[in-house]
Amino acid sequence: MADGEGGEKTEQPTGHKLNQAHSKGQTPKSQEVTSGLVLLMAGSALLLLAPRGWDRLVGLFRRFVWRMTEIDPTTDDLWPWLYSAMLELFSLVLPIALIIMATGVAVNLYQLGGLIINTDAVSFNINKLNFIKGFGRFFKVRKLVEAIKSILKIAIIIYVSYLVIADHLDEFAVMSEMEPVEIALVTLKVAAELFYKVILTLLILAFFDYAYQKWQFMQDMKMTKQEIKDEYKQMEGDPKIKARIRQIQMEAAKKRMLSSVPKADVVVTNPTHFAIALVYNSALAQAPLVLAKGQDFLAQRIKDIAKEARVPIVENKPLAQALYPVVEVGQVIPLEFYKAVAEILSYVYRLKGKVPGGRRK
C-alpha cells in the first residue's frame, strides 16, 4: 500500500508541476522537427537564390581567371581583390545562413513555448563531470531507443534515396550522350527531387518522433500519490494561492447574489452609493430577507439587473445608509427596520397587486 501511494508514479502530472517544468525549459521537444524544418527552409532558400547566386559566382570566377595573370602576390593588388571576393561570397551565404538561424530559433522557441531563461541549466555542477554516472546513463533504455530511432531513420532515408535514383536510371544511362548543359539540368532535377523527398520523409518521421517525445515527457512527469498530496499541502499554504482561492470564491458568491436580484420584491437605494435587494416571503423567513447588497459599482449593477427584471427600485437614503452596514446577504433585517421596510413593501405590493408574503390578491 505504501509503495502504491508513495513510490510508484501512477498519477497524471498536475498543472503546477507542468508549469514548473516549463519554467525550467523541460518541455516535449523533438530534434527531428528542428532538423527537418531547418533543412526544408535551407533547401528552399538555396533553390530560390541559386539562379542569381550562380550568376554572381560565375562572374566572380571569370574575374579571377581573367586577372590571374595580372595579379602579383608581392604587390598590394591581391588584397583588395581578395577582400571584394570575400564580401561577394559573404553576401551570397548570409541570406541562407540567416534563414537557417531564424528557422532553428523559431522552431525551438515554438517547442519550448516561448523564451525561457534557466540559470540552473548553465550553472556549474561538479556532479556533471562524473564520467562513471555518465557512462551508466549511456546504457539506459532511452539511449537504446534513440540509437534504434537513428538507425531506422538512416535506413528509411537510404531506401527513399534508392527509390528516387532507381526512377531515373534510364536518364543516367544515356548521360554520356548528353550535352554538358543537359547533364547539369538532369543532375539538378534529380538532386532537387531527392532533396524534397528526403525532407518529406524526415518531416513525417519528425511528426512521430514529436508524438513519442510528448508521450515520454508525460510519463516522466507522472507523480506519486504522495507527491500530489505534498504539492496540495504546499500550495494550500501559499498566500498567493489562498488569495486567488478567496478571489474565486468571492466572484462566485457575487454571481450567485446577483442572480437572486430578479427574485426580490424591492431594491432600496441611496440612490447612488448603496443598493439593497429585499424579499418578504413567509415561507422563507418571518421577516424581510436580504437577497443582495452592494456599494458603488456593485450597487449600480444590482439596479441594472432590477430594471431588467422589472423589480421596483425605491430611493430611501436614510434607510439605505442605516441598513447597509448592519445586514448581510441571506439574513433577515434587524427589528428596528421592520416599520420602515414594511411601509416600502406595502407601497410595492399595492403597485403589484400583491399581499404581504408574496401572494397575489
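Observations
- Here Met257 qualifies as surrounded by 13 or more Cβ atoms within 10 Å (Cβ to Cβ) and of a type outside the set (S, T, N, Q).
- When residues of the stretch 317-331 are limited to those that are of a type outside the set (D, E, K, R), on the phi < 0 side of the Ramachandran plot and part of a loop (DSSP other than H, G, I, E, B), the one surrounded by the most Cβ atoms within 10 Å (Cβ to Cβ): Val327
- Checked against the criteria, Val268 does not count as touching a helix residue (DSSP H, G or I) at 6+ places or on another chain (Cβ under 9 Å) and free of Cβ contacts under 8 Å to residues at least 60 places away in the same chain.
- Note on the stretch 249-265: among residues that are out of contact with any helix residue (DSSP H, G or I) (no Cβ under 9 Å at 6 or more places or on another chain) and among the polar types (S, T, N, Q), the one that is farthest from Leu298 (Cα to Cα) is Gln249.
- Qualifying position, being of a type in the set (D, E, K, R), crowded, with 19+ Cβ neighbours inside 10 Å and in contact (Cβ under 8 Å) with a residue 12 or more places away in the chain, among Lys293, Lys225: Lys293
- One residue from Leu291, Leu258, Leu345, Leu284 being at pLDDT 90 or above and of a type in the set (A, V, I, L, M): Leu291
- Residues being of a type outside the set (Asp, Glu), within 30 Å of Ser30 (Cβ to Cβ) and within 24 Å of the chain's Cα centre (by Cα) - total across the stretch 206-256: 17
- Residue tally, condition hydrophobic (A, V, I, L, M, F, W, C) and not in a helix (DSSP H, G or I), over the stretch 150-206: 2
The values are calculated or read from the model by the stated rules, or taken from the named source; none is laboratory data. None of these values were measured; they are calculated from a predicted model. Ideal geometry is used to build each Cβ from the backbone, glycine not excepted, and the neighbour counts take in all protein chains shown.
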